[in-house]
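The values are calculated or read from the model by the stated rules, or taken from the named source; none is laboratory data. The shown structure was predicted, so the numbers you read here are calculated from the model rather than taken from an experiment. Here the Cβ is made from the backbone with ideal geometry for all residues, glycine too, and neighbour counts use every protein chain on show.
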Amino acid sequence: MKKGWTVIMAVLALFSFFGCKKTDPDEFNTVEGKDGLGDKAVRNESGIAYFNYNYGGSIGGDSWTVEIERQEDDSALIRYDAMEYSDLGTMEMTAGKELFDELERIYTEHELYRWEGYSKYDTGVLDGSGFGLNITFLDKKHMSASGDNVWPDGYHDFISDFRNTVAPYLQEMLDKAAQEKIEEGVSGPLQYVMINYMQRGDSGSDKYEILLMRQREGGRKNFDVRITSESGEFIEPGTYNYYYDLPDEEIGFEEIAALFEKYDLMKWYNWDKAAEDYNNAEWFQLSFSFEEGNMNAMGTEYPENYDEFRSEVLQHIVRVIRAAEAKHEDFRSR
């Protein structure tokens, strides 16, 4: 998951600096709010007791919060919440005093005290992203800063340094929480399946986009499958688009759940790894939701049993298509 974390944080950095601007040429000065203390600021030398940074992602982006609180023995209690890992809830761990040494270095080197009172927003950005920073010191004094599509001087260098500093701790929490989810497993009937296989470059041109869900009255159709087959590996070359309500037993949720168990897919939980030559690798994304528990995985580097599961599940989908074509007169590719 380390490569995945690097990619996530790089995306977050991009979201931090770009939003969707209005195009009205008359709207030039759209920034409102207050600047920080700047040259009037004085660095607090008493030490940091509490540090909270939160990032609010743009529409379709991510949001996350890191909270670090000094304990009586000077250790650091870290709490981490992220929209990306909402099913893991709030993650916690304890780190040594050295983390506060690093936070105080960041506070000093990036002159965060100059940001005290900074609170600006850009009314000309329709979505975009923002941040909030709150620090409490050992002398009980406090500082805060926030921005919505506007960033104080030095923000880019600060967030890069802060991300690099906390990344190992966040990764440790993610790995631990994911392992707990794996050990917890899933139970009950399979409710929902999403499977995407998208070949790129030297890997080929085949594409499989599969969305299956239990039938529900008044809901969307439960068999939504789009295939582009150039290799003819599982289905004759062509483009297929199926959108139909099939009885649950015809989709074969039990058979797919049996494949999930056969290949121990729960061990793939939160898999997110990129191959070195990812532009020439098949990208995959899987999501399984059971009555109790779920599993999500993605990447261009593949977990154990990847090829075997891919082959069996795609053969199953083609069998479902052929059986539906034979049984339902109106079942056809659109």
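Selection of first residues in segment 71-93 that are in the same structural domain as residue 55 (by TED's automatic domain parsing) and of second residues that are part of a strand (DSSP E or B) and of a type in the set (Lys, Arg), restricted to Cβ pairs under 9 Å at least 6 apart or on distinct chains, gives the following pairs, ordered by first then second residue: 76/70; 77/70; 90/79; 91/79; 92/79; 93/79. Within segment 61-75, being crowded, with 17+ Cβ neighbours inside 10 Å, in a loop (DSSP other than H, G, I, E, B) and among the acidic types (Asp, Glu) holds for one residue alone: 62. The set of residues from segment 222-232 being of a type outside the set (Val, Ile, Thr), closer than 15 Å to residue 320 by Cα and in contact (Cβ under 8 Å) with a residue 24 or more places away in the chain comprises 222, 223. Any idea how many residues of segment 268-290 are aromatic (Phe, Trp, Tyr) and touching a Ser or Thr at 6+ places or on another chain (Cβ under 9 Å)? Summing the residues that are aromatic (Phe, Trp, Tyr) and touching a Ser or Thr at 6+ places or on another chain (Cβ under 9 Å) in segment 268-290 gives 4.
The requirement of being over 20 Å from residue 298 (Cβ atoms), touching a residue at least 12 places away in the same chain (Cβ under 8 Å) and touching a Leu at 6+ places or on another chain (Cβ under 9 Å) is not satisfied by residue 195.
Picking from residues in segment 220-231 that are hydroxyl-bearing (Ser, Thr, Tyr) and assigned to a strand (DSSP E or B), the one that is surrounded by the most Cβ atoms within 10 Å (Cβ to Cβ) is 229. Among strands (runs of 3 or more DSSP E) entirely within segment 95-177, having at least 2 residues that are within 22 Å of residue 73 (Cα to Cα) singles out 130-137. If the condition is being over 14 Å from residue 310 (Cβ atoms) and out of contact with any helix residue (DSSP H, G or I) (no Cβ under 8 Å at 6 or more places or on another chain), then segment 197-208 contributes only 205. Within segment 205-221, the set of residues being free of Cβ contacts under 8 Å to residues at least 12 places away in the same chain and touching a Ser or Thr at 6+ places or on another chain (Cβ under 8 Å) is empty. Note on segment 76-94: among residues that are charged (D, E, K, R) and not in a helix (DSSP H, G or I), the one that is nearest to the chain's Cα centre (by Cα) is 81. Applying a threshold of 8 Å to beta carbon distances and a minimum spacing of six or more residues, or different chains, the list of pairs starting in segment 32-58 at a residue that is more than 16 Å from residue 162 (Cβ to Cβ) and ending at one that is aliphatic (A, V, I, L, M) and assigned to a loop (DSSP other than H, G, I, E, B) reads 33/150; 46/138; 47/138; 49/138. Candidates in segment 93-110 are the residues that are among the acidic types (Asp, Glu) and closer than 12 Å to residue 161 by Cβ; of these, the one that is surrounded by the most Cβ atoms within 10 Å (Cβ to Cβ) is 102. For beta carbons closer than 8 Å, sequence separation of 6+ or different chains, a first residue in segment 292-303 that is charged (D, E, K, R) and a second that is part of a strand (DSSP E or B), the qualifying pairs are 292/187; 292/188; 301/273.
What about residue 162, is it touching a strand residue (DSSP E or B) at 6+ places or on another chain (Cβ under 8 Å), modelled with pLDDT of 95 or more, within 30 Å of residue 127 (Cβ to Cβ) and not polar (S, T, N, Q)?
Against the criterion (touching a strand residue (DSSP E or B) at 6+ places or on another chain (Cβ under 8 Å), modelled with pLDDT of 95 or more, within 30 Å of residue 127 (Cβ to Cβ) and not polar (S, T, N, Q)), residue 162 qualifies.
Among the residues making up segment 119-146, a single one is over 17 Å from residue 66 (Cα atoms) and surrounded by 22 or more Cβ atoms within 10 Å (Cβ to Cβ): 128. Of the residues 294, 305, which single one is surrounded by fewer than 17 Cβ atoms within 10 Å (Cβ to Cβ), more than 20 Å from residue 232 (Cα to Cα) and in contact with a strand residue (DSSP E or B) (Cβ under 9 Å, 6 or more places away or on another chain)? Selected residue: 294, the only one of 294, 305 that is surrounded by fewer than 17 Cβ atoms within 10 Å (Cβ to Cβ), more than 20 Å from residue 232 (Cα to Cα) and in contact with a strand residue (DSSP E or B) (Cβ under 9 Å, 6 or more places away or on another chain).
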